[in-house]
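> Before I ask anything, here is the structure I am working with.
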Amino acid sequence: MRETPGAEHPQPRPDRAEAHTTGASCSGTPHRSDGRPPHTPRGARQPDPLGRPGTTPPVPGRPTLFSALVALAVVTWQVLVHGPLTRLDERVSAAVVDSVPRRLSELASDLGNLTVALPVLAAAMAYAVWHGRRADALYAGLAMAAVPLLVIPLKEWTARPGPLEPWAEGYYPSGHTATAMVAYVGAAFLVSRRLVPAAAALTAVTGTGLVLRGFHWPLDVLASVALCLPLLRWPVLAERYRRDGRGARDGTRGGHSWRTRNDGTPSRSTDGRTS
């Protein structure tokens, strides 16, 4: 049908969005005309230093720390009252002690000695300082310093005897396991996080050797692991410290840049633009 001469084209209503906008990629579909990308998809969000999504709460990992503290409290209570869990622990220990040659179990348990674990952590701290990560080295040193402050009071409070030395007290929790865990895992965080599985394996070997040799009950080792998990949260704290320090220098806070509008009020922007 031919168009009537002189007929005017319908004008777009002001209260309706135009389907054809300048800069649209194709006709008939509304697109952003300024070329800016949409909101960052969930899959493209940057993870936190431990590889967890760091943009939307709740942050994964906190339930694990809470569960570890709850487990520590329950096990400590069972040790104090000599409950069913403690009696089961004693039966397991009696079944596995000296099930391997003592020389082998002693070598494994020696990984938790201060003379072995501390030099490893000290070397990793020096490496971190050399590469300008003084905050990481400081947090690692504080974590190791906190081990005796936490372990010794628990030993004196529980006064648990040993598997092979019932006349002695102060076996719960295992100081060797705590030392190995903080030293080796902390060193892995300082040097390369790819070494964390190897550090966890060294900690497991240490705890297993202590149980097989009869130096500690299994619950002593598990309690030390639960006790040290919160201490090993220092890499996240150090990363936040560095991020906040950079933000104070370049005018950013929490990954956003803060600028000032003409009226003097701050404006936040995530893509470098002033809003």
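The values are calculated or read from the model by the stated rules, or taken from the named source; none is laboratory data. Computed from a prediction, not measured in an experiment: that's the story for all the values here. Here Cβ is always computed from backbone atoms with ideal geometry, including for glycine, and neighbour counts include all displayed protein chains. Remember, those area values only see protein heavy atoms, side chains included, never the ligands or the DNA or RNA. Shrake-Rupley method; radii C 1.70, N 1.55, O 1.52, S 1.80 Å.
> I need the full set of residues from the range 213-233 which are in contact with a Gly (Cβ under 9 Å, 6 or more places away or on another chain) and either free of Cβ contacts under 8 Å to residues at least 24 places away in the same chain or not in a helix (DSSP H, G or I) (or both), in order please. Step through it out loud before you land on a result.
Initial filter on the range 213-233 (in contact with a Gly (Cβ under 9 Å, 6 or more places away or on another chain)): 214-218, 220-222, 224-225, 231-233.
GLY214, PHE215, HIS216, TRP217, listed by residue number.
> Kindly evaluate SER105 against the criterion of being touching a Lys or Arg at 6+ places or on another chain (Cβ under 9 Å) and either outside any helix (DSSP H, G or I) or touching a residue at least 40 places away in the same chain (Cβ under 8 Å) (or both). Working first, answer last.
Values: touching a Lys or Arg at 6+ places or on another chain (Cβ under 9 Å): yes; either outside any helix (DSSP H, G or I) or touching a residue at least 40 places away in the same chain (Cβ under 8 Å) (or both): yes.
The answer is yes for SER105.
> Still on this structure, I have one more. Regarding LEU107, is this residue closer than 26 Å to LEU69 by Cβ and modelled with pLDDT of 95 or more? Steps first, please.
Numbers: closer than 26 Å to LEU69 by Cβ: no; modelled with pLDDT of 95 or more: yes.
No.
> While we're on this one: Kindly provide the set of residues from the range 68-119 that are open to solvent by less than 50 Å² (accessible area, probe 1.4 Å), closer than 19 Å to ALA183 by Cβ and not hydrophobic (A, V, I, L, M, F, W, C), ordered by number.
Listed by number, the residues that qualify are SER109, GLY112, ASN113.
> Also, I was wondering about something else. Take the conditions surrounded by fewer than 19 Cβ atoms within 10 Å (Cβ to Cβ) and either modelled with pLDDT of 80 or more or of a type in the set (Ser, Thr, Tyr) (or both) and apply them to ARG253. Does it pass? Even if it seems obvious, please write down each step before you answer.
Numbers: surrounded by fewer than 19 Cβ atoms within 10 Å (Cβ to Cβ): yes; either modelled with pLDDT of 80 or more or of a type in the set (Ser, Thr, Tyr) (or both): no.
The answer is no for ARG253.
> Quick one: in the range 133-171, which of the residues that are surrounded by 13 or more Cβ atoms within 10 Å (Cβ to Cβ) and among the β-branched types (Val, Ile, Thr) is farthest from VAL92 (Cα to Cα)?
Filtering the range 133-171 for residues that are surrounded by 13 or more Cβ atoms within 10 Å (Cβ to Cβ) and among the β-branched types (Val, Ile, Thr), the one farthest from VAL92 (Cα to Cα) comes out as VAL147.
> So VAL236 passes all but one of these: (1) modelled with pLDDT under 95; (2) in contact with a helix residue (DSSP H, G or I) (Cβ under 7 Å, 6 or more places away or on another chain). Which condition number does it fail?
(2)
> Going through ALA204, ALA226, ALA188 one at a time, which residue ends up being open to solvent by 20 Å² or more (accessible area, probe 1.4 Å) and of a type in the set (Gly, Ala, Ser)? Before the answer, list the steps.
Working: ALA226 fails: open to solvent by 20 Å² or more (accessible area, probe 1.4 Å); ALA188 fails: open to solvent by 20 Å² or more (accessible area, probe 1.4 Å).
Result: ALA204 is the single residue among ALA204, ALA226, ALA188 that is open to solvent by 20 Å² or more (accessible area, probe 1.4 Å) and of a type in the set (Gly, Ala, Ser).
> Looking at the range 162-189, which of its residues are among the aliphatic types (A, V, I, L, M) and either at pLDDT 95 or above or touching a His at 6+ places or on another chain (Cβ under 7 Å) (or both)? Let's see the steps before the verdict.
Applying the first criterion (among the aliphatic types (A, V, I, L, M)) to the range 162-189 yields 164, 168, 178, 180-183, 185, 187-188.
Within the range 162-189, ALA178, ALA180, MET181, VAL182, ALA183, VAL185, ALA187, ALA188 qualify.
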